[in-house]
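A.B. asks: Got a structure for you, written out below as structure tokens; questions coming shortly.
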């Protein structure tokens with residue numbers, strides 16, 4: 001079966017660190033960063049990037065639309 | 001064989017990005033506020049239907065007063081509560097355009113009740129998108145008509161007492177009774193599944209507007225984590241436990257007929 005891998009890119013300066021994307025991720029990929037952005041928010045990032053399937057759940061639920069999702073199929 | 005992240009992040013693998021119909025301005029809303037998601041799904045529908053040049057939005061007074069800064073379409077900002085009246089005028093002058101209002105509960109269900117009810121009763125061919133968070137968010141979390149029984153706000157610090165402060169208003173059920181409304185539904189935007197359903201509802205509302213069926217009314221139950229004094233994720237959980245039993249999600253009126261519960 002072909003494997004699906006995904007990745008997200010967070011617009012760090014626009015992320016407000018609300019954390020709504022964290023429970024929305026079915027693969028438990030996203031966490032809030034210990035670092036802060038220019039406004040002092042703990043922005044979200046891929047803590048376990050190898051588990052991301054690019055399902056777009058995080059981007060769909062993000063109130064500020066800061067998440068961009070990429071997905072690739074890897075033929076086995 | 002594993003693949004590097006930089007090989008996944010390529011233009012040809014893009015599956016989701018913010019629609020071009022949302023401007024690059026940083027949203028003025030608090031972290032976790034449902035307004036941003038509601039803006040985005042509305043603009044995604046406009047984008048997917050390819051009606052950017054035929055759509056006119058009416059911004060309200062409230063937190064979303066600056067909606068015209070974020071939605072990359074033609075917009076008018078109406079006086080407090082008067083968005084359905086302004087939308088009526090625009091739609092009657094330009095019946096070929098898609099006209100929608102975007103209002104909060106303080107705007108639509110308090111000061112604008114008269115405009116809302118009469119526009120819905122006249123059956124104007126407009127779409128009303130109504131964000132209900134049960135509180136006046138912009139002015140500092142005062143009690144709204146939609147505030148739940150027992151809910152604490154800055155003007156009801158011991159909880160809303162039904163005896164002295166009256167009952168919460170289900171304005172969506174109210175307008176569904178009127179003959180002018182054709183499609184009335186209640187949605188939410190706190191989980192991915194709910195967002196996708198809400199987007200389908202907004203799409204249906206725009207499609208029915210093109211058929212001149214009457215008012216299409218989409219309520220979106222949303223959070224107000226600043227007004228409710230909770231972190232965003234906890235506010236969403238509180239909303240599921242407390243708001244949804246009183247404001248149940250789902251269609252209320254479909255094809256001009258009330259949905260029997």
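Since every read-out is calculated from the coordinates, none of them should be taken as a lab result. Worth saying up front: this structure is predicted, and the values here are computed from it rather than measured. Note that each Cβ is placed from the backbone with ideal geometry, even for glycine, and that neighbours are counted across all protein chains shown.
A.B. asks: Find how much the distance from residue B:23 to residue B:6 grows on full extension, using 0.36 nm per residue of separation minus their present alpha carbon separation; answer in nm with one decimal.
C.D. replies: Working: separation 17, 0.36 × 17 = 6.12 nm, distance 2.68 nm.
Length gained, residue B:23 through residue B:6: 3.4 nm.
A.B. asks: Then there is this: For a Förster distance of 25 Å, can you work out the FRET efficiency between the beta-carbons of residue B:94 and residue B:200, rounded to the nearest 0.05?
C.D. replies: Details: r = 26 Å, r/R0 = 1.06.
Efficiency, rounded to the nearest 0.05: 0.40.
A.B. asks: Between residue B:156 and residue B:74, with labels modelled 7 Å along Cα→Cβ, what's the label distance in nm to one decimal, could you check?
C.D. replies: Between residue B:156 and residue B:74, the label points sit 4.1 nm apart.
A.B. asks: I would also like to ask the following. Quick one: Cα centre-to-centre distance for segment A:19-76 and segment B:31-62, in angstrom?
C.D. replies: About 23 Å separates the Cα centre of segment A:19-76 from the one of segment B:31-62.
A.B. asks: Which percent of Cα pairs goes in each bin when the distances of segment B:20-258 are cut into 5 angstrom slices starting at zero?
C.D. replies: Percent of Cα pairs in each bin: 1, 7, 15, 20, 22, 17, 11, 5, 2, 0, 0.
A.B. asks: Counting only other chains, and only Cβ atoms inside 10 Å, what mean value do you get across the residues of A:17-27?
C.D. replies: Values: counts 3, 12, 6, 16, 2, 1, 5, 6, 1, 1, 0.
Taking the mean over all residues of the peptide, I get 5.
A.B. asks: I would also like to ask the following. How high is the relative contact order of chain B, in percent, with contacts defined as C-alpha pairs under 8 Å that are six or more residues apart? Kindly include the intermediate steps, with their values, before the conclusion.
C.D. replies: On the way: 508 pairs, mean separation 47.1, N = 261.
Dividing the mean separation by the residue count of chain B yields 18 percent.
A.B. asks: Right, next: Whole percent per 10 Å bin, from 0 to the bin with the longest distance: what is P(r) over all C-alpha pairs of segment B:15-92?
C.D. replies: The percentages, shortest bin first, are 18, 50, 28, 3.
A.B. asks: Now, a different point. Based only on other Cβ atoms within 10 Å, what is the fewest-to-most ordering of B:222, B:114?
C.D. replies: B:114, B:222
A.B. asks: Mark the label point 7 Å from the Cα of residue B:54 along Cα→Cβ and return the residues of segment B:172-213 whose backbone N is within less than 18 Å of it.
C.D. replies: B:202-213
A.B. asks: Take every Cα pair under 8 Å in segment A:15-76 that's 6+ residues apart, average their separations, divide by the length, and report that relative contact order as a whole percent. Provide the component values of the computation, followed by the final result.
C.D. replies: Details: 83 pairs, mean separation 20.5, N = 62.
Over segment A:15-76, the number comes to 33 percent.
A.B. asks: What does the helix-only formula give at 222 nm for chain B: each DSSP H stretch with n ≥ 4 adding -39500 (n - 2.57), the total divided by the residues, and the result rounded to the nearest 500 deg cm²/dmol?
C.D. replies: Working: 10 runs with 85 residues, N = 261.
Only helices count here, giving -9000 deg cm²/dmol.
A.B. asks: Between residue B:212 and residue B:149, what's the calculated FRET efficiency when r is the beta-carbon distance and R0 is 41 Å? Round to 0.05.
C.D. replies: 0.55
A.B. asks: Right, something else. Quick one: if you stick a label point 7 Å off each Cα along the C-beta vector at residue B:15 and residue A:50, how many nm between them?
C.D. replies: 2.0
A.B. asks: Rank the residues B:64, A:76 as a footprinting-exposure proxy: fewest other Cβ atoms within 10 Å of their Cβ go first. It would help to have the intermediate numbers written out before the result.
C.D. replies: Values: B:64 28, A:76 7.
Ascending Cβ contact count within 10 Å gives the list A:76, B:64.
A.B. asks: Here is a further query. So what's the Cα pair-distance distribution over chain A, bin width 10 Å, in %?
C.D. replies: Answer for chain A: a P(r) of 22, 51, 21, 5, 0 percent.
A.B. asks: Report, in whole Å, the centroid distance computed from the Cα atoms of segment B:102-138 and segment B:163-227.
C.D. replies: So the separation of the two Cα centres works out to 10 Å.
A.B. asks: Still on this structure, please answer the following. For a footprinting-style exposure proxy, rank A:10, B:46 by other Cβ within 10 Å, fewest first.
C.D. replies: Ranking A:10, B:46 by Cβ neighbours within 10 Å, fewest first, gives A:10, B:46.
A.B. asks: Counting residues in the protein assembly as shown as N, plug N into 2.2 N^0.38 Å and put the Cα Rg over that result. Intermediate results must be reported in sequence, preceding the final value.
C.D. replies: Values: Rg = 20.3 Å, N = 337, 2.2 N^0.38 = 20.1 Å.
Taking the Cα Rg and dividing by 2.2 N^0.38 Å, one obtains 1.01.
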